[in-house]
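The block underneath contains the structure these notes are about, expressed in structure tokens.
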Amino acid sequence: MTLTVRVIAPDKTVWDASADEVILPSTTGQLGILTGHAPLLTALDTGVMRVRANKDKDWVAIALMGGFAEVENNEVTILVNAGERGDSINLEEARTTYSQAETKFSQMQAGTKQEQIQATQALKRARARFQAAGGMIQA
């Protein structure tokens with residue numbers, strides 16, 4: 001038995017296929033989903049979702065930019081603000097964006113509260129894209 005997994009962003013369907021296992025970046029930490037999981041509704045943080053399409057294949061990384069996930073009857077429906085498969089992200093571009101976001105984040109510690117929040121969110125998005133592209137080990 002497998003899970004039916006759908007990742008839907010406002011502009012596209014990022015993933016729509018069966019999977020054996022899913023790891024989600026929930027707001028309370030990493031959340032693993034296997035077949036037979038209890039019904040669940042959870043908020044998702046900006047981070048990397050990992051999907052294993054079948055037991056013989058590698059994990060597929062998908063950068064998620066916050067949203068919600070519902071699990072019921074072996075169906076995982078994930079609604080996100082934005083999402084991008086790691087294999088479609090240019091690694092060097094993601095590395096550059098992440099470095100720039102880190103620099104801006106460190107400079108914003110003396111900024112206004114709004115600037116700090118914006119810098120934090122930009123850093124989280126850049127980190128998720130970089131991790132999904134395979135640029136760093138997921139923290």
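The values are calculated or read from the model by the stated rules, or taken from the named source; none is laboratory data. Source: prediction; values computed, not measured. Cβ: placed from backbone, ideal geometry, glycine included. Neighbour counts: every protein chain shown. Surface areas here come from the heavy atoms of the whole protein model, side chains and all, with no ligands, DNA or RNA. Shrake-Rupley method; radii C 1.70, N 1.55, O 1.52, S 1.80 Å.
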Given the options ILE33, ILE78, ILE62, which has the most mean-square fluctuation in a GNM of the chain, springs set between C-alpha atoms less than 10 angstrom apart?
-> ILE33
Given trypsin sites (Lys or Arg not before Pro), DSSP loops and at most 15 other Cβ atoms within 10 Å, the longest exposed-site-free stretch of the chain is 58-139
Against the longest principal axis of the chain, how steep is helix 91-107, in degrees 0 to 90 to the nearest 10, with axes from Cα atoms?
-> 50
Measure off, as a whole percent, the carbon and sulfur share of the 1.4 Å-probe accessible area of the chain, all protein chains present.
-> 49
Starting from the Cα-Cα distance between SER26 and LEU40, subtract it from 0.36 nm times their residue separation and give me the gain in nm to one decimal.
-> 3.9 nm
Region 63-112 versus region 1-15: alpha-carbon centroid distance in Å | 16
On a 0 to 90° scale, report how tilted helix 113-132 is relative to the longest principal axis of the chain, with both axes built from alpha carbons and the result rounded to the nearest 10.
-> 50
Could you give the size of the charge dipole of the chain about its Cα centre, using +1 on the Cβ of each K and R and -1 on the Cβ of each D and E, expressed in debye and rounded to the nearest 20?
-> 360
Separation between the THR13 and LYS57 pseudo-spin-labels, each 7 Å from Cα along Cα→Cβ, expressed in nm?
-> 1.5
Cα-based Rg/(2.2 N^0.38 Å) for region 1-123, rounded to two decimals, is 1.17
The local net charge around LEU41, scoring Lys/Arg +1 and Asp/Glu -1 for residues other than LEU41 whose Cβ lies under 10 Å from its Cβ, equals -2
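Using the heavy atoms of the protein chains alone and a 1.4 angstrom probe, what is the accessible area of the chain per residue in square angstrom?
Numbers: 7790 Å² over 139 residues.
Normalised by residue count, the accessible surface of the chain is 56 Å².
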Would you calculate, for the chain, the mean residue ellipticity at 222 nm contributed by helices, counting each DSSP H stretch of 4 or more residues as -39,500 (n - 2.57) and dividing by all residues, to the nearest 500?
-> -9000 deg cm²/dmol
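Of SER26, SER99, SER88, which has the most accessible area and how do the rest follow, probe 1.4 Å? Working shown, then result.
Values: SER26 10, SER99 55, SER88 75 Å².
Final ranking, largest accessible area leading: SER88, SER99, SER26.
Rounded to the nearest 0.05, what FRET efficiency is calculated for GLU70 and ILE117 with R0 set to 25 Å and r the Cβ-Cβ distance?
Numbers: r = 28 Å, r/R0 = 1.10.
That pair, GLU70 with ILE117, gives E of 0.35.
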